[in-house]
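Asker: First the structure, which I've put down as structure tokens, then a few questions once you've had a look.
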């Protein structure tokens, strides 16, 4: 987060979960909040998508992509052969699944709200048999990520839309009134007809009836400028709701 201009001089406050961060920003307890939204191995962070789709008063203001280097974190004096229990966020353990199966097949895996929480709990417990999966910044026993190109995309949440830079992305979520043949195609045509490049498309349950979905779309361009503005305006006349989650400067992928 320190690499973002918005974080310069800011006090950094760790919170336990994505909903905690979203609530802190929405309630004005924090000026901004950084949350993970997508990983190159495990895909979207669903709890973040849901918080954006079904919450209010927040916008994506920026994005940053960071390489992820996971490590096993334990108390002083432990070693891999002594560890029987591992705690971490499910996304982190999933990104290290192959390593754990190969190097620690008997270890029990426990879910934590975050990698930071897991590291704190293991440190407080002080048990040689317990370890956490976290980042190299926290200290390490060994690198364990399954893919060296592993990267996570984070988004900065705030209350104001970022100004256009000429190299932006816009994220929206589309709700349709009733599922029918061609519903998704009609949405996509609004963008293809205007030569708007889509960088992501994903469906999520609406949390209402089984089989009802909303569609998350990331695209190039800014919502305050044509042709993205016109595409969104046109969509709003054809489907139940289009919620703009934010327009923000497009981040470069490390190594690109």
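The values are calculated or read from the model by the stated rules, or taken from the named source; none is laboratory data. Values in this document were obtained by computation on a predicted structure and should not be read as measured data. Don't worry about glycine lacking a Cβ; one is built from the backbone with ideal geometry, like all the others, and counts go over all protein chains shown.
Asker: Given the residues 162, 116, which is the only one that is modelled with pLDDT under 95, buried (at least 17 other Cβ atoms within 10 Å of the Cβ) and not in a loop (DSSP other than H, G, I, E, B)?
Answerer: Answer to the selection: 116.
Asker: Looking at segment 171-185, which of its residues are modelled with pLDDT of 90 or more and surrounded by 11 or more Cβ atoms within 10 Å (Cβ to Cβ)? Spell out how you get there, then give the answer.
Answerer: Here is the first cut: in segment 171-185, the residues modelled with pLDDT of 90 or more are 171-176, 184-185.
Hits for segment 171-185 are 171, 172, 173, 174, 175, 176, 184.
Asker: Still on this model: Can you run down the residue pairs with Cβ atoms below 6 Å, 6 or more apart or on separate chains, where the first is in segment 37-48 and closer than 15 Å to residue 245 by Cα and the partner is modelled with pLDDT under 95 and part of a loop (DSSP other than H, G, I, E, B)?
Answerer: 37/45
Asker: Between 127, 121, 168, which is at pLDDT 95 or above, at negative phi and surrounded by fewer than 20 Cβ atoms within 10 Å (Cβ to Cβ)?
Answerer: Exactly one of 127, 121, 168 is at pLDDT 95 or above, at negative phi and surrounded by fewer than 20 Cβ atoms within 10 Å (Cβ to Cβ), namely 127.
Quick grid of which residues meet (1) touching a strand residue (DSSP E or B) at 6+ places or on another chain (Cβ under 9 Å); (2) in the same structural domain as residue 26 (by TED's automatic domain parsing); (3) in a loop (DSSP other than H, G, I, E, B):
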{"residue": "190", "(1), (2), (3)": "no, no, no"}
{"residue": "199", "(1), (2), (3)": "yes, no, no"}
{"residue": "208", "(1), (2), (3)": "no, no, yes"}
{"residue": "215", "(1), (2), (3)": "yes, no, no"}
{"residue": "226", "(1), (2), (3)": "no, no, yes"}
{"residue": "229", "(1), (2), (3)": "no, no, no"}
{"residue": "232", "(1), (2), (3)": "yes, no, no"}
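Asker: Would it be correct to say that residue 22 is part of a strand (DSSP E or B) and either in contact with a strand residue (DSSP E or B) (Cβ under 6 Å, 6 or more places away or on another chain) or under 19 Å from residue 160 (Cα atoms) (or both)?
Answerer: Working: part of a strand (DSSP E or B): no; either in contact with a strand residue (DSSP E or B) (Cβ under 6 Å, 6 or more places away or on another chain) or under 19 Å from residue 160 (Cα atoms) (or both): yes.
So residue 22 fails the test.
Asker: From 34, 100, 49, which residue is in contact with a strand residue (DSSP E or B) (Cβ under 6 Å, 6 or more places away or on another chain), at pLDDT 90 or above, in a helix (DSSP H, G or I) and outside the structural domain of residue 221 (by TED's automatic domain parsing)? Explain how you work it out, then say what you get.
Answerer: Details: 34 fails: in a helix (DSSP H, G or I); 100 fails: in contact with a strand residue (DSSP E or B) (Cβ under 6 Å, 6 or more places away or on another chain).
Just one listed residue meets the conditions, 49.
Asker: Quick one: count up the residues across segment 76-93 that are crowded, with 17+ Cβ neighbours inside 10 Å and either touching a helix residue (DSSP H, G or I) at 6+ places or on another chain (Cβ under 7 Å) or at pLDDT 90 or above (or both). Spell out how you get there, then give the answer.
Answerer: Initially, segment 76-93 is screened for residues crowded, with 17+ Cβ neighbours inside 10 Å, giving 78, 83, 86-89, 91-93.
Subsequent filtering for residues that are either touching a helix residue (DSSP H, G or I) at 6+ places or on another chain (Cβ under 7 Å) or at pLDDT 90 or above (or both) retains 78, 83, 86-89, 92-93.
Matching residues across segment 76-93 total 8.
Asker: It is to be established whether one or more residues within segment 2-17 are modelled with pLDDT under 95, crowded, with 19+ Cβ neighbours inside 10 Å and within 22 Å of residue 202 (Cβ to Cβ).
Answerer: no
Asker: Out of 102, 97, I need the residue that is within 20 Å of the chain's Cα centre (by Cα) and exposed (fewer than 15 other Cβ atoms within 10 Å of the Cβ). Which one?
Answerer: Exactly one residue qualifies, and that residue is 97.
Asker: Could you please find all residues in segment 219-256 being under 29 Å from residue 149 (Cα atoms) and surrounded by fewer than 21 Cβ atoms within 10 Å (Cβ to Cβ)?
Answerer: Listed by number, the residues that qualify are 220, 249, 250, 251, 252, 253, 254, 255, 256.
Asker: Can I ask one more? Would a scan of segment 211-224 turn up a residue that is at positive phi, modelled with pLDDT of 95 or more and under 24 Å from the mean Cα position of the chain (by Cα)?
Answerer: Yes, there is a match, as at least one residue in segment 211-224 is at positive phi, modelled with pLDDT of 95 or more and under 24 Å from the mean Cα position of the chain (by Cα).
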